[in-house]
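The values are calculated or read from the model by the stated rules, or taken from the named source; none is laboratory data. If you're wondering where the values come from, they're calculated on a predicted model, not measured in any experiment. Virtual Cβ from ideal backbone geometry, glycine too; neighbours counted across all protein chains shown.
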Amino acid sequence: MRLRDGKIVRVFDPWKSPLCTCPPKYSLQPYTGCSHFCLYCYATAYIGRKPSTPKQRALERLKYDIEHIIDPNYHIDLSTSSDPYPPEEAELRLTRKILELLIAHGLKVLIVTKSSLVARDVDILSRGNAAVTITITTLDKSLAKLIEPGAPPPEERVKAIEKLVANNVPVGVRLDPILPYLNDDRESIRNVLEAIASAGARFVVTSTYKARPDNLRRLVSMFPELEEKYYRLYKVEGKWQYGYWYLRTDLRRKMLELVRQEASRLGLQFAVCREGFKDMLTAPSCDGSHLIARRMRPRKRGGLLSWLEKKK
């Protein structure tokens, strides 16, 4: 069956980048915009920099896609551009309602978030075909507040990992992005990986910061002492490819190797994201989808009960 777009579920599109090693999958964005306002955000280039707003008629559209579009052999990412757990979700509970639908139909779900709020939904995630990947770029609370001003503090995200793992929800972590001169030193990387390993995470995926005109302006505005260094690293020595300025290949490998070494020491599966270094992957997937628990068979269209429900 060929993957196709639905009313709210979309086929994941890596913008045809040959550096992307993600498996075929779907993407579902409960919100547009993102209230976390991360300085390094790539998605603002096409969705803008605005607070999270719930998608119109999201549940109605999803019900149609479940019955007519979604192939249950492929997993669904929540989300690939707009975080599914912005501060607004605490009250609106849109992502929770979407999860209830997806899990009830036995579909495979991978949560991608930098919010500790995901642990609120452990009751749903723990009974379905689900896994969670949480972004933690640094354990330095003051630095995190500057680069991810709307996101929960990193220590709260570590506690969320502990809660999810304690309830048998598989968890991976995105150490993403690694920003030159900000979180690229071995001590910073080691602190993050030791904390997540202790909390029970099994997998880490990482990538170097890729500069776009808008996110680069935000970063050097916040850190003016880095403006000349970033200009040299990205615009002079780096390379514009597939919509981003990339660092030199040797420099990217050096930065990623630090993460790989620490991950190996701690027994964490390791992957890189949109770097093109397939030789560095030790995990079965680069996005963490291999972590998804298999607890239910998908319902067949027409409302037949899932395998799990029949067993009760």
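Can you tell me which residue within region 90-106, out of those that are in contact with a Phe, Trp or Tyr (Cβ under 8 Å, 6 or more places away or on another chain) and within 24 Å of P153 (Cβ to Cβ), is surrounded by the fewest Cβ atoms within 10 Å (Cβ to Cβ)?
It comes out as L94.
Using the structure shown, decide if V169 is over 21 Å from L125 (Cβ atoms) and crowded, with 21+ Cβ neighbours inside 10 Å.
no
Would you be able to say whether some residue in region 192-199 is hydroxyl-bearing (S, T, Y) and at pLDDT below 95?
no
Only residues that are more than 19 Å from the chain's Cα centre (by Cα) and modelled with pLDDT of 95 or more: list them for region 253-285, please.
R253, K254, M255, E257, L258, Q261, E262, S264, R265, L266, G267
Please work out which residue is farthest from I66 (Cα to Cα), limiting yourself to region 6-32 and to residues that are part of a strand (DSSP E or B) and over 14 Å from the mean Cα position of the chain (by Cα).
So, considering only residues that are part of a strand (DSSP E or B) and over 14 Å from the mean Cα position of the chain (by Cα), the one farthest from I66 (Cα to Cα) is T32.
Take Y46 and tell me if it is over 27 Å from P298 (Cβ atoms), modelled with pLDDT under 95 and part of a helix (DSSP H, G or I).
Judged against the criteria, Y46 is a match.
Can you find, within region 113-158, the residue that is farthest from the chain's Cα centre (by Cα) among those that are in a loop (DSSP other than H, G, I, E, B) and acidic (D, E)?
D140
Got a number for residues in region 232-243 being surrounded by fewer than 21 Cβ atoms within 10 Å (Cβ to Cβ) and within 13 Å of Y209 (Cβ to Cβ)?
1
Among the residues of region 263-285, which ones are part of a helix (DSSP H, G or I) and crowded, with 20+ Cβ neighbours inside 10 Å?
Correct list: A263 only.
Which one is farthest from C22 (Cα to Cα) among residues in region 286-312 that are part of a helix (DSSP H, G or I) and modelled with pLDDT of 85 or more?
L291
Give the residue that is surrounded by the most Cβ atoms within 10 Å (Cβ to Cβ), with candidates limited to residues of region 18-64 that are within 30 Å of K145 (Cα to Cα) and of a type in the set (G, A, S).
Ranking the candidates gives S52 first.
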